[in-house]
Amino acid sequence: MKVTIDPQRCQGHGRCYDLAPELFGEDDEGYGRVLGDGLVPPDGERAARVAAANCPEKAVVLTEEA
Amino acid sequence: MTVDDRFTRDLRQDPPTGTRNEVVVGPVSDWATDFSHVEPEWAADPYPILDDLRDRCPIAHTGRFGGGWLPTRYEDVAAIAYDTERFSSRSIIMSNYRPPLEIAPVGGVPPISSDPPFHHDARKLLLPAFTKKAVATREAATRAFCHSLIDSFEGAEVVDAARDYAQHIPMRVIADMLGFPPEDGPRFREFVESALEGVNLPPEERMAGMDELFDYLYTQIRDHVATPRDDLTTYLIEAELYGRKLEPAHVAGTIALLLIAGIDTTWSAIGASLWHLAKTPADRERLVAEPGLLPTAMEEFLRAYAPVTMARLVKEDMHWRGVDMKADDWILLSFPSANRDPAQFDRPEEVIIDREINRHAAFGLGIHRCVGSHLARMELRVALEVWLERVPVFGLDDPSAVTWAPGQVRGPRTLPIRIG
Ligand code: HEM
Ligand code: SF4
């Protein structure tokens, strides 16, 4: 699984970096950013889904790797 | 170096032009056609009204306030928050006065009153001071202050959790950030009440209240021009946009916004959370036993008792999702109603403190997302942590004595809690 943030939608609510701090961080203006390459280790998948489901702007995008 | 003389003139603004309508008060005949968010029935409990309207309208109308609409579904609230082309933030408090069109896109209190493209630039100035990381530096002082408030309960059996606890926390935090004297707290409360609660007062009274607020702010600003400090007021005095320092009215308007938006809202969120816990022993006991659940529970309190409703003005006549909107009609943008829409949330009327999926809109949606949301969450979490640690057992002393603020920011204003 891979996570990305759609910068057009993100408004910096910070739910992603609250709920999954190992996957997301904030930039200097509070917008969310993906840490590293966005590849989610298997034990991080649940946190990734919770972050995506709580982002008020639906800006967290999950893609399942084939 | 040139002297900064932007604030030396008499900056009282001329009486605004804009348009006024007749003030209509009194009991509502039918909420679908005559709603009013400032009547006592709404203040006491708006949720049954909103639930009923969502089933039967779902966009209610009123002739009061010169005409306005109340969308109640999450989907409609979100669509309006995102559509800054057709809905303007020129005024965000639904009242009997509409400011003149010329004040757009800046508005009186940027960035909340601003429309694109100006909005983004005004907002950007504020963001760095309000990141999660930046507000974390205030946590220790906030915690110490909460403890000092609880210390003052010593010996009391009943305290007013709204008046003696919740209100002081955001007042102190924002006074520190702006570099205002902490002892001016009682004046902040007057400013908040006149800006947000007096919407049906005669216009002269409303304007006198605003003049008092701005006189106070300009005094503070001049003091900061004379003696710059490391705080937000000095930061805004020095800030530049498009290669120039800000207009005096922008500096004062933004400070007014931070003061008003920072206090009433957070005070309401802390108060509503304590009210819920005081009347729900099972939730209170669970949070005392499992403090790690607090961040999740807090989001649920924010969803279920979202303190803030905003307003917009329709830009042009249009047919929108089944209703005929006219230019300058109000939209009462109810994030509280969106947060209780069954199409968006399972069992929305229940407060479920371990609700894991909670895409609520208490801090708004789209470009105006609350700049202070990280600060507000820190304050709310610390206020509840300290309270639960120091006063783990408490309950409502007299449920009928609880009063709620009327208008667009709703939270307990009297909240007698038995602690002994
Ligand atoms: C629980 C507490 C709070 C709630 C529920 C809340 C809610 C909101 C909402 C719903 C908006 C969106 C306005 C719109 O769409 O027109 C907003 C905007 C704003 N809030 Fe808050 N707020 C809270 C606390 C604070 C605090 C503590 C501050 C700062 C000290 C603050 C500063 C702002 C500012 C500056 C804006 C305007 C943002 C913009 O227009 O870009 N708020 N708030
Ligand atoms: S939760 Fe969504 S809007 Fe908020 S920072 Fe993360 S991606 Fe951005």
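No value in this document is a laboratory result; all are computed from the given coordinates. All values derive from a computational prediction rather than experimental measurement. A quick note on method: Cβ atoms are made from the backbone with ideal geometry, for glycine too, and the neighbour counts reach across all protein chains shown.
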So for the stretch A:2-63, using the alpha carbon gyration tensor with a ≥ b ≥ c as root eigenvalues (a/c under 1.5 gives rounded; past that, a/b versus b/c decides prolate or oblate), I'd call it prolate
The set of residues whose placed amide H lies less than 5 Å from the amide H of residue B:60, leaving out same-chain residues fewer than 5 positions away, is B:70, B:72
Residue by residue through the stretch B:255-263, the couplings from Karplus 6.51 cos²θ - 1.76 cosθ + 1.60 with θ = phi - 60°, in Hz, x for Gly and Pro, are 5, 4, 4, 4, 5, 6, 5, x, 8
Taking Cα atoms only, helix A:45-54 is inclined relative to the longest principal axis of chain A by an angle, in degrees rounded to 10, of 30
Residues of the stretch B:144-161 with backbone N under 12 Å of the label point set 7 Å from the Cα of residue B:418 along Cα→Cβ are B:157-159
Computed for the protein assembly as shown: size of charge dipole around the Cα centre, +1 on C-beta of each Lys and Arg, -1 on C-beta of each Asp and Glu, debye to nearest 20, value 460
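Treating the beta-carbon of each Lys and Arg as +1 and of each Asp and Glu as -1, no other charges, what is the dipole magnitude of the stretch B:199-319 about its Cα centre, to the nearest 20 debye? Each step should come with its number before you reach the end.
On the way: 11 positive and 19 negative charges, 53 e Å.
Approximately 260 debye in magnitude.
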Excluding residues fewer than 8 positions from residue B:133 in its own chain, the lysines with Cα under 18 Å of it are B:124
Whole-Å distance linking the alpha carbon centroid of the stretch B:302-374 with that of the stretch B:73-141 is 14
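Going by the alpha-carbon gyration tensor, a ≥ b ≥ c the square roots of its eigenvalues, is chain B rounded (a/c under 1.5) or, if a/c is not under 1.5, prolate (a/b greater than b/c) versus oblate? Numbers along the way, then the final one.
On the way: a/c = 1.62, a/b = 1.08, b/c = 1.50.
Judged from the Cα gyration tensor, chain B comes out oblate (a/c at least 1.5, b/c at or above a/b).
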Simple spin-label estimate for residue A:45/residue B:356, 7 Å along Cα→Cβ, in nm, reads 1.4
Out of B:324, B:45, B:184, a Gaussian network model of chain B with alpha-carbon springs under 10 Å gives the largest mean-square fluctuation to B:324
Per the charge dipole of chain B (beta-carbon charges, Lys/Arg positive, Asp/Glu negative, Cα centre), the residue among B:411, B:265, B:88 reaching farthest to the positive end is B:88
For residue A:58, counting only lysines whose alpha-carbon sits under 16 Å away and dropping same-chain residues fewer than eight positions off, the answer is A:2
Applied in sequence order to the stretch B:200-214, the curve 6.51 cos²θ - 1.76 cosθ + 1.60 (Karplus, θ = phi - 60°) yields integer Hz couplings, x standing for Gly and Pro, of 9, 5, x, x, 4, 5, 4, 5, 4, x, 5, 4, 4, 4, 5
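Using helices alone, what [θ] at 222 nm do you get for chain A, with -39,500 (n - 2.57) per DSSP H run of 4 or more residues, divided over all residues and rounded to the nearest 500? Don't skip to the answer; put the middle values down first.
Working: 2 runs with 15 residues, N = 66.
Using -39500 (n - 2.57) per qualifying helix, the result is -6000 deg cm²/dmol.
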For chain B, the dipole about the Cα centre with charges only on Cβ (Lys and Arg +1, Asp and Glu -1), to the nearest 20 debye, works out at 860
Asserting the computed 222 nm helical MRE of chain B (DSSP H runs at least 4 long, -39500 (n - 2.57) per run, divided by residue count, to nearest 500) equals -13500 deg cm²/dmol
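From Cα pairs below 8 angstrom and at least 6 apart in sequence, can you work out the relative contact order of chain B, rounded to a whole percent? Mind dumping the intermediate values first?
Details: 696 pairs, mean separation 104.0, N = 420.
So the answer I get is 25 percent.
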Excluding residues fewer than 8 positions from residue B:315 in its own chain, the lysines with Cα under 17 Å of it are B:326
Once phi for every residue in the stretch B:278-290 is put through the Karplus expression 6.51 cos²θ - 1.76 cosθ + 1.60 (θ = phi - 60°), the whole-Hz ³J(HN,Hα) values, with Gly and Pro written as x, are 5, 9, 10, x, 5, 5, 4, 5, 5, 6, 5, 6, 10
Most exposed first, judged by fewest Cβ atoms within 10 angstrom, B:242, B:218 run B:242, B:218
